[in-house]
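To start, the structure itself, in structure tokens.
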Ligand SMILES: [Zn+2]
């Protein structure tokens with residue numbers, strides 16, 4: 001009996017180790033591949049916003065080929081390629097990664113197979129290199145602070161503002177069109193995402209202040225359901241920064257006046273100015289706990 005038990009433990013151990021190998025991080029289906037709807041919006045002059053579920057990216061069709069950003073995930077990348085092929089048969093020349101998070105970029109292989117050159121911040125190379133996966137091809141071109149992609153007379157500038165959401169996030173600017181494509185650190189009319197995973201609150205605010213100084217009139221953001229506009233006025237960057245400042249001020253004020261229990265803070269700190277923003281009721285308590293952790297732990 002004892003021997004059988006030992007054998008069972010051994011078999012279970014083998015099973016667990018094979019499961020660990022099979023689910024080798026990062027997952028190739030980070031969002032489960034659920035069949036949410038998708039759409040493509042023509043912004044004008046070859047610029048398109050592709051939306052799947054609440055995720056968005058941009059692609060730019062030029063005379064010499066196509067520049068794609070954030071290839072989302074394997075199933076959706078095929079849909080994205082199909083949408084591009086309805087518009088042009090020009091080659092996919094570049095894929096630009098906004099940052100390293102797999103929920104935005106794990107569909108890259110579809111475009112690698114098309115011969116695209118991948119571009120990302122140098123920290124993306126390290127982060128993806130630490131967890132290699134066929135789903136997320138490593139960038140072929142990396143850079144430190146700025147990089148300019150030019151194709152068919154069109155330009156996309158990539159700008160790095162240091163750590164804010166992870167350590168590899170770049171903001172994309174179309175200088176002629178005065179449009180920014182901003183992923184994750186600007187989500188118009190929505191409170192911050194859940195418990196703000198991989199967000200550094202103080203660095204996030206600092207980055208937004210620096211972004212506000214850029215020359216731009218419009219913002220395309222990477223999150224929003226179907227009923228949200230594909231493009232917003234520049235003011236959404238300032239709105240986002242003021243939300244974060246209001247959130248941090250409110251939590252700090254409550255802590256300074258003696259409330260240090262995060263469960264109490266979650267229930268008592270309110271920001272009625274933002275009651276109409278998406279997920280105010282559901283996510284504000286999680287935002288509050290993240291800011292509590294920032295002041296409580298210095299992180
Ligand atoms: Zn992210």
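Assorted remarks:
- Qualifying position, being within 16 Å of the ligand (Cβ to nearest atom) and either surrounded by 15 or more Cβ atoms within 10 Å (Cβ to Cβ) or at pLDDT 95 or above (or both), among 131, 102: 102
- In the stretch 108-128, residue surrounded by the fewest Cβ atoms within 10 Å (Cβ to Cβ) [restricted to those that are closer than 15 Å to residue 71 by Cα, modelled with pLDDT of 95 or more and within 16 Å of the ligand (Cβ to nearest atom)]: 124
- Condition met for residue 65 (at pLDDT 95 or above, within 16 Å of the ligand (Cβ to nearest atom) and farther than 24 Å from residue 219 by Cβ): no
- Scoring residue 181 on the criteria (1) under 27 Å from residue 38 (Cβ atoms); (2) assigned to a loop (DSSP other than H, G, I, E, B) leaves a single failure, condition (2).
- Boolean, residue 196 is within 16 Å of the ligand (Cβ to nearest atom), closer than 26 Å to residue 52 by Cα and in contact with a helix residue (DSSP H, G or I) (Cβ under 6 Å, 6 or more places away or on another chain): yes
- Each residue in the stretch 185-208 was checked for being within 11 Å of the chain's Cα centre (by Cα) and within 13 Å of residue 237 (Cβ to Cβ), and 3 pass.
Quick grid of which residues meet (1) within 24 Å of residue 145 (Cα to Cα); (2) away from the ligand (no atom under 14 Å from the Cβ); (3) in a loop (DSSP other than H, G, I, E, B); (4) modelled with pLDDT of 95 or more:
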site: 159; (1), (2), (3), (4): yes, yes, no, yes
site: 176; (1), (2), (3), (4): yes, yes, yes, yes
site: 188; (1), (2), (3), (4): no, yes, yes, yes
site: 219; (1), (2), (3), (4): yes, yes, no, yes
site: 244; (1), (2), (3), (4): no, yes, no, yes
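The values are calculated or read from the model by the stated rules, or taken from the named source; none is laboratory data. Worth saying up front: this structure is predicted, and the values here are computed from it rather than measured. Quick reminder, even Gly has a Cβ in these numbers, built from the backbone with ideal geometry, and neighbours come from all protein chains shown.
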